[in-house]
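Chemist: My questions all concern the structure below.
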Amino acid sequence: MRLKCVIMTVILVTIPLHSQVYVGIGNIFDNLFNEPYEIAYALLDDGEIFSFTTKEDSRISASASFRKEFIKKYGYSMDRVILLIHSHTHGLNRFSVRDIIFLKKMRRYGFKGVYVLYYKPTNSFKVYDK
Ligand SMILES: [Zn+2]
């Protein structure tokens with residue numbers, strides 16, 4: 001077995017003593033998920049965002065292929081989607097079986113981003129990590 005020699009370079013950074021740090025705090029989702037029905041968003045790598053809903057209480061009757069084709073119509077491929085997020089307005093505080101099937105289809109279409117669930121009753125997010 002051949003050993004590799006690793007050379008580490010230490011870079012010294014000089015930080016000015018009197019730099020002012022401006023800190024902001026907010027919630028990027030403040031203007032999203034205010035609807036009483038389930039809604040999904042697809043965020044693209046250039047900041048473009050698509051929303052999908054059928055204004056139903058606990059589902060979105062728009063297939064994975066419909067959403068993929070819609071996004072494609074605007075010149076994007078699925079590998080440019082960095083986030084897929086949808087809401088549950090009540091009930092299940094986890095991804096449903098339908099959600100997982102949907103994700104698998106999107107992965108087949110080239111989606112490589114993060115899959116997130118927003119659970120409205122507790123104002124919390126879950127990232128799908130499998
Ligand atoms: Zn869901």
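Chemist: Let me spell it out: the conditions are (1) more than 10 Å from the ligand (Cβ to nearest atom); (2) closer than 23 Å to residue 28 by Cβ; (3) at pLDDT 95 or above; (4) among the polar types (S, T, N, Q), and residue 123 meets all of them except one. Which number is the exception?
Modeler: (3)
Chemist: Still on this structure: For the range 86-119, enumerate the residues that are crowded, with 17+ Cβ neighbours inside 10 Å, more than 11 Å from the ligand (Cβ to nearest atom) and not hydroxyl-bearing (Ser, Thr, Tyr).
Modeler: 106, 111, 113, listed by residue number.
Chemist: Considering only the range 18-55, how many residues are exposed (fewer than 11 other Cβ atoms within 10 Å of the Cβ) and of a type outside the set (A, V, I, L, M)?
Modeler: 13
Chemist: So how many residues does the range 53-70 have that are within 12 Å of the ligand (Cβ to nearest atom), of a type outside the set (Val, Ile, Thr) and under 23 Å from residue 129 (Cα atoms)?
Modeler: Total meeting the criteria: 2.
Chemist: Whether any residue in the range 71-84 is within 16 Å of the ligand (Cβ to nearest atom) and either assigned to a helix (DSSP H, G or I) or in contact with a Ser or Thr (Cβ under 9 Å, 6 or more places away or on another chain) (or both) is what I want to check.
Modeler: No, that holds for no residue.
Chemist: If you check residue 126 against the conditions, is it touching a helix residue (DSSP H, G or I) at 6+ places or on another chain (Cβ under 9 Å) and either surrounded by fewer than 13 Cβ atoms within 10 Å (Cβ to Cβ) or outside any loop (DSSP other than H, G, I, E, B) (or both)?
Modeler: So residue 126 fails the test.
The values are calculated or read from the model by the stated rules, or taken from the named source; none is laboratory data. The model shown is predicted, which means the values in this text are computed figures rather than measured ones. Don't worry about glycine lacking a Cβ; one is built from the backbone with ideal geometry, like all the others, and counts go over all protein chains shown.
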